[in-house]
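Structure first, then comments.
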Amino acid sequence: MKARAQRRARLTFATLLVGWCLVSNAVALNPIVIKGQKFFDSVTQEQFFIKGVAYQPRSEVRNQELMDPLADVAGCTRDAPMMKALGANVVRVYEVDPTKNHDECMKAFADNGLYLLLDIPTPRTAINRKHPEYDLIKYNAYKATVGAFAKYPHVLAFLAGNEVTNDKTNTAASPFVRAAIRDMKAFLQHNSARAIPVGYASNDDQDIRDAIKDYFVCGDEQSQADFFGVNLYEWCGGSSFERSGYSERTKEFENYGKPVFLSEYGCNLVRPREFSEVQAVYGDQMTPVWSGGVVYEWSQENNEYGLVRIANGAATPLDDYKLLQKVLTKVNPKGVKMNAYQPQQKATQCPLISDHWKASDKIPPTPSEGRCQCMMENLSCMATDAIHKNVMTNNANSSTIGVQLDMMCGLTSCDDITVDGTNGYYGRYATCAPEQKLSWLYHQYANDKKNGHRACDFNGNAVTMAPSKNDLAACDAIQPDLSGPSVDVEQRKSMANIQNASKGAIVAAFAIVAWSLIL
């Protein structure tokens, strides 16, 4: 039975691979890999430079809770050929819904030679720079997004955060982003047939630019960013390599040790944008250090950065599109062959705590659903569904759970649910879901009062329960859940062989794998 189940699992995986090849109706793009400070095509060994465009149309989808451009087949098939004609080879997408099907959009991008650079968090699941936390809700949401897209060979990389820390007042949020990087890398190592880089995109704040670039590549390697992006808008109008500050930024990253690129660029203070910086980004002054960049952005929105205007389902090129196309299609950055490139290993020191930088190098633990559930099974006082209702506080709608958490922290110790990214303190249950944290405080307070039946009520928001367990210490040993669309060793070998095959043989290789598994 076990052998039959394993064969069925392998057959299912192979069928999915063959299905993807049939859906794409084209040769898959070669996966991109990292060596030292550069990206490379894993098959041709050529250095890879990002010629990207930010893609998050939103003017026609404002009523949607999640604006997922990769589920809009009509939009993708309309825009992908225009992006190819623009000279782009990468699209950066900021928000997706992992529950939707993305095969046809990913096919459209693959058919037009476009890789995907995907932000993992959405606005609802992003780490809040003012009140940072990293819990089960975020962890599971991130896993869902990564798991939904890891199967596509033309996913260039994932971004675990975008400008979460953006000035000296919120640097303590950065440890939480590093925790997300660590966990998504672990998730991919456990579930994916190939290594997909996970990195971070920062703004260019003068007070923290040096500290933040070092922070994300220092210390524990598993939580380091695989690459670093900079959203850079300093080159405006007819500026120059020196006047824009591009020269200084280039010097700062000369010996960085990880790939770095412009995760957004394209100042619009002078319009139309002539994109004179493109020659520098892909020229001899920057290509030894930088790996290209992503122009912001595809569609015309209220901020007026658009390359095209989308209306009534049609996309019309604007002057910015034509001007960018004129320069982007002409650049041909010169790189090195992967085998000839011998990077120097470099260990970066973590930045010290200072007036401008207050992020600890001790990061939050990985959220464990099993640990939090085990804790709940030990409680004699728990939150009810009433906590999910909204209440009026200070003439504004607030969640009951938020109000109750604030109240309980005035009645009992909140050490077990507290986080402090400056001092590196993360309470025992700080990564549990909000209702689980509240249940812990209810239980703690009720037991402190030595009278659970009277103390466990809190205006109907809590109820007395009979614990099914009596061993909280055992909960601490329960490890995080890394489950996902996993593949076994044979599948990994098959995938590796396919990825290393020549372009002309790749579909046939998938078919051979599937047929061998059937036999």
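Where a number appears in this text, it was derived from the coordinates with a stated rule and is not lab data. Everything numeric in this text was worked out from a predicted model, so none of it was measured. With ideal geometry, Cβ positions are generated from the backbone for all residues, glycine too; neighbour counts draw on all protein chains shown.
Okay, here's what the table says:
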| quantity | calculated |
| --- | --- |
| Backbone N under 16 Å from the Arg58 label point (7 Å along Cα→Cβ), restricted to the range 283-322 | 296-307, 310 |
| Relative contact order (%) - the range 180-338, alpha-carbon pairs under 8 angstrom, separation at least six | 17 percent |
| Full-stretch length increase - Asn303, Asp420 - with 0.36 nm per residue and alpha-carbon distance subtracted | 38.6 nm |
| Rough spin-label spacing in nm, given labels placed 7 Å along Cα→Cβ, for Gln279 and Ala311 | 3.4 nm |
| Using a Förster distance of 30 Å, the FRET efficiency for Thr77-Gln45 (Cβ separation, nearest 0.05) | 0.40 |
| Among the listed pairs Lys138/Lys185; Lys168/Lys362; Lys84/Lys334; Lys258/Lys330; Lys213/Lys346; Lys35/Lys107, those beyond 24 Å (Cα-Cα) | Lys258/Lys330; Lys35/Lys107 |
| Top positive-direction residue, dipole computed over the range 182-227 with Cβ charges, set Gly199, Leu188, Ala225 | Leu188 |
| Extension gain, Asp355 back to Glu252 (0.36 nm per residue minus Cα-Cα distance, nm) | 35.0 nm |
| Highest to lowest packing among 92-98, 473-479, scored as the average C-beta count within 10 Å | 92-98, 473-479 |
| The range 290-443: translational diffusion in µm²/s, Stokes-Einstein, Kirkwood Rh over Cα pairs, 4 °C, 1.567 mPa s | 59 µm²/s |
| Burial order of peptide ranges 346-352, 307-313 (average beta-carbon count within 10 Å, highest first) | 307-313, 346-352 |
| 17 Å reach of a label modelled at Gln189, 7 Å along Cα-to-Cβ, counting backbone N of the range 149-168 | 158 |
| Relative contact order [Cα under 8 Å, 6+ residues apart], the range 50-204, whole percent | 20 percent |
| Full-stretch length increase - Asn459, Asn128 - with 0.36 nm per residue and alpha-carbon distance subtracted | 116.2 nm |
| Size of electric dipole in the range 262-326: Cβ of Lys, Arg +1 and of Asp, Glu -1, about Cα centre, debye, nearest 20 | 180 debye |
| Relative contact order, percent, the range 168-268 [alpha-carbon distance under 8 Å, six or more residues apart] | 27 percent |
| Distance (nanometres) between label positions extended 7 Å along Cα→Cβ at Lys326 and Asp476 | 6.7 nm |
